[in-house]
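Student: Shown below is the structure under consideration.
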Amino acid sequence: MSSAIVERPQNWIVMSLIGVAVLVVGLITGSVITAKGWTPFISGSDNKVPIYLAADQRLAGQVNLNSGFSAVAKAVTPAVVTVETSSRLRPQRTPFPFFMDPFRDFFRWDWPDQDEEQTPRRRAPQQETPQGRGRLVPTGLGSGVIVSPDGYILTNNHVVEGAEKVEVALNDRRRFKAKIVGTDAPSDIAVLKIEASGLPTIPFGDSDRVEVGDVVLAVGNPLGIGQTVTMGIISAKGRSTRAGSGSYEDFLQTDAAINRGNSGGALVNLKGELIGIPSQILSQTGGNIGIGFAIPTSMARYVMDQLIRSGQVRRGKLGVTIGPLTQELAEQFGFKGTQGALVQDVEAGQPADRAGVKAGDIITEFQGQKVEDSTQLRNLVAQNPPGSTVRFKVWRDGSERELTATLAEMELAQTRTSSRDSGGGTGAGGLLSGVQVEDLTPEIRRRLNLPPTARGVVITNVEFDSNAAAAGLQRGDVIEEVDRQPISNVSEFNAALKKAGKKSLLLRVRNQQGARFVVVQAQE
């Protein structure tokens, strides 16, 4: 017992001496590393992790994981502004409890009565009186980023949409009236201009080089409480929420806390560079749950430059309807993998048609860049100006070929109303059990607002629990092809089904929105 008591302090003395020696060696080594200008690393794995993160000249040596990111925040916050909008009173508006921005929540469960302008407005006390109507009242609040010393400001389109007066409040409490230089709803980008000079700015970073896991800061004015800085990482790239018809989306997803009011603000990297403009959140409540989306600066800057130069954005058009290439569709076409964009339809007389593109082609490459999916291809085409000549590759019948086209100009998206035919029809068996069809007559074609060249059979009824319904077929759709075989009437349709047997079925279907390929799975 006594021996053990004596040994413990002896071991402590020995270990203490060893610890002091290690500390001295560490200090000497650290001094040498610092003097040489090297970046120390924490090792222990194949991937070395830097103790402090690389920064540009302005922030060199100031970003440290121990001291936080105050240097980055100090560098960027002066260039982030608050954008306040005013509009004429609208008596029919639903009351809104807070004075905040119209930050888009694409589920929109929290404000079911909100109209399509997506701009919540607070009802003023004078709204019920006739005398108050027609006056300008505050209607929204968001954020913006100063991108030039002479007063150009980048923000979201939905922040200023419908505004009749826009004011900008700087971080130093100066206020300016702002002019709307231009807006672009498809990308949700807008450019403002204030009359000032020598303003602080945030330099543009390369959003294409951002990686999942990179640390980022979000700066804005959430819920109107004042400028706020939050931190997170890049959670994903290339996201599309499909919040609006005709929108161009290639979002950076982040878990940095962003809320209503952050719209149009800044998402910056640790070099203090602007890499994104916060635009949307995914939320059931309207509050932050760690899933936010920012427009990458590669897209925002392209749109901004055109708005400043001409006040509008011109985009190239190939003239195809494209859709995602699922594993089931790829198998039907004999294509390996799911990277690419499936051509659902080709618009007659447009560049793709003149270049020889056909429905069922899979576009695998555009202007030397591999096509990952249909969303990426749509963005790539749009970023080329009308009249430019482009090269792209399509996969067809087991081989790849290169085509060339001169792009037309994309028109603004038009809203289409759907019209569905009703009535009975001939029931389809086998894979399409639960589906009724009938011949596509000229009268039905007219009622469905389809082109005169449309051929096939029209679906008059789909049972909700059928495989066809699960694949997305619905009443009013016109089936044009069965397993790549064109059909023009019910008789040919039934013969094609019989020939298909019990395997999964590839259909080409058309409605007012265009044509698409659909795979109906075999009944289990």
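The values are calculated or read from the model by the stated rules, or taken from the named source; none is laboratory data. No experiment lies behind these values; they were computed from the predicted model shown. A quick note on method: Cβ atoms are made from the backbone with ideal geometry, for glycine too, and the neighbour counts reach across all protein chains shown. Calculation scope for accessible area: heavy atoms of the full protein, side chains included, ligands and nucleic acids excluded. Shrake-Rupley method; radii C 1.70, N 1.55, O 1.52, S 1.80 Å.
Rundown of residues vs (1) acidic (Asp, Glu); (2) over 21 Å from residue 506 (Cα atoms); (3) part of a loop (DSSP other than H, G, I, E, B), yes/no style:
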| residue | (1), (2), (3) |
| --- | --- |
| 332 | no, no, no |
| 338 | no, no, yes |
| 349 | no, yes, yes |
| 354 | no, yes, no |
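Student: Quickly run through segment 501-524 and pick out the residues that are of a type in the set (Lys, Arg) and surrounded by 19 or more Cβ atoms within 10 Å (Cβ to Cβ).
Tutor: Scanning segment 501-524 gives 508, 510, 516.
Residue-by-condition table, conditions (1) in contact with a strand residue (DSSP E or B) (Cβ under 6 Å, 6 or more places away or on another chain); (2) closer than 16 Å to residue 304 by Cβ; (3) surrounded by 16 or more Cβ atoms within 10 Å (Cβ to Cβ):
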residue: 150; (1), (2), (3): no, yes, no
residue: 161; (1), (2), (3): no, no, yes
residue: 179; (1), (2), (3): yes, yes, no
residue: 194; (1), (2), (3): yes, yes, yes
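Student: If you don't mind, there's one more thing I want to ask. When only residues in segment 467-483 that are in a loop (DSSP other than H, G, I, E, B) and closer than 14 Å to residue 518 by Cα count, which is most open to solvent (accessible area, probe 1.4 Å)?
Tutor: Ranking the qualifying residues of segment 467-483, first place goes to 474.
Student: Here is a follow-up. Only one of these conditions is not met by residue 176: (1) part of a helix (DSSP H, G or I); (2) at pLDDT 95 or above. Which number is it?
Tutor: All conditions are met except number (1).
Student: Residue by residue through segment 271-285, note down the ones that are part of a strand (DSSP E or B), of a type in the set (Gly, Ala, Ser) and at pLDDT below 95.
Tutor: Hit for segment 271-285 is 279, nothing else.
Student: Would you pick out the residues in segment 286-317 that are outside any strand (DSSP E or B), open to solvent by less than 20 Å² (accessible area, probe 1.4 Å) and either within 14 Å of residue 241 (Cβ to Cβ) or among the β-branched types (Val, Ile, Thr) (or both)?
Tutor: Across segment 286-317, the qualifying residues are 297, 303.
Student: Which residue is most open to solvent (accessible area, probe 1.4 Å), if the candidates are limited to segment 484-500 and must be in contact (Cβ under 8 Å) with a residue 24 or more places away in the chain and closer than 25 Å to residue 331 by Cα?
Tutor: Filtering first and then ranking leaves 498.
Student: May I pose another question? Within segment 140-148, can one find any residue that is open to solvent by 30 Å² or more (accessible area, probe 1.4 Å) and modelled with pLDDT under 95?
Tutor: no
Student: Just to be sure, is residue 166 in contact with a helix residue (DSSP H, G or I) (Cβ under 7 Å, 6 or more places away or on another chain) and modelled with pLDDT of 85 or more?
Tutor: yes
Condition check ((1) over 19 Å from residue 348 (Cβ atoms); (2) modelled with pLDDT under 90) across all residues:
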{"residue": "372", "(1), (2)": "yes, no"}
{"residue": "384", "(1), (2)": "yes, no"}
{"residue": "393", "(1), (2)": "yes, no"}
{"residue": "397", "(1), (2)": "yes, no"}
{"residue": "401", "(1), (2)": "yes, no"}
{"residue": "406", "(1), (2)": "no, no"}
{"residue": "410", "(1), (2)": "no, yes"}
{"residue": "419", "(1), (2)": "yes, yes"}
{"residue": "427", "(1), (2)": "yes, yes"}
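Student: Find the residue count for segment 197-211, including only residues that are closer than 21 Å to residue 292 by Cβ, open to solvent by 20 Å² or more (accessible area, probe 1.4 Å) and not basic (Lys, Arg).
Tutor: 4
Student: When segment 256-302 is examined, which residues are found to be of a type in the set (D, E, K, R) and more than 17 Å from the chain's Cα centre (by Cα)?
Tutor: Correct list: 260, 271, 273.
Student: Only one of (1) assigned to a helix (DSSP H, G or I); (2) surrounded by 20 or more Cβ atoms within 10 Å (Cβ to Cβ) is not met by residue 450, so which one is it?
Tutor: (1)
Student: What tally of residues in segment 239-253 results from selecting those that are more than 17 Å from residue 301 (Cα to Cα) and at pLDDT 85 or above?
Tutor: Selection size over segment 239-253: 2.
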